[in-house]
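Worksheet for the structure shown next.
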Amino acid sequence: MPKKSKKVASRPAKLSWDTQALQIMNDILRRGRVSRACLFVLSSNGDLVLQAGSCKGLDFTSIGALAAAAEGVKRQLSALLSSKTESINFGDEKSGFWMRNINSWFVVGVRLPTKTKGLDNFYKHLKKKRPEEHSKHSRQNTAEALDGLSGEAVEAAFNKD
């Protein structure tokens, strides 16, 4: 009697870390129901790693350099004030933005709430991969961004009307 062949159920292809991250990010944006919302991740070098939403036209290298500077300020203020904060918030959820350092990643949300279950899942996903595994660029990008941010350049930018 001939043996019957067994059909093996095909497994769905395992999604890459990037694809999983983008799915989580898009789900956060969809659940936020905010038009023009943006969520992106920068490496500690200021390189763009992931982006979702309305992020067109942003200078991610400069944002990364400024995020690193803001993180330094946050640490100093936390030490001086004997307090601890997870994120740096500017403005309100509807029109402002926030930055959070997760495992040497800079997560930036624009027009998004700072605390949601989706973001908690996203942070867990980010912690699965070390930033240096993902970044293919040197620290040169951050140095280039900071190069144009001399004291005079910053003052001129703020005094521009």
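The values are calculated or read from the model by the stated rules, or taken from the named source; none is laboratory data. Predicted model, so just to flag it, every value in this text is computed and none were measured. Every residue, glycine among them, receives a Cβ derived from its backbone with ideal geometry; neighbour counts consider all protein chains shown.
Across segment 46-65, the qualifying residues are those that are in contact (Cβ under 8 Å) with a residue 60 or more places away in the chain and part of a helix (DSSP H, G or I), and the one among them that is nearest to Gly109 (Cα to Cα) is Gly64.
Ile63 - would you say it is closer than 20 Å to Thr116 by Cβ, at pLDDT 80 or above and under 14 Å from the mean Cα position of the chain (by Cα)?
Values: closer than 20 Å to Thr116 by Cβ: no; at pLDDT 80 or above: yes; under 14 Å from the mean Cα position of the chain (by Cα): yes.
Criteria not met by Ile63.
Just one of (1) loosely packed, with under 13 Cβ neighbours inside 10 Å; (2) in contact (Cβ under 8 Å) with a residue 24 or more places away in the chain fails for Ser43. It is (1).
Would you list the strands (runs of 3 or more DSSP E) that sit entirely within segment 79-161 and hold 3 or more residues that are exposed (fewer than 15 other Cβ atoms within 10 Å of the Cβ) and modelled with pLDDT under 85? Break it down into steps so the answer makes sense when it comes.
Values: elements: 87-90, 97-102, 105-110.
So the answer is none; nothing clears 3.
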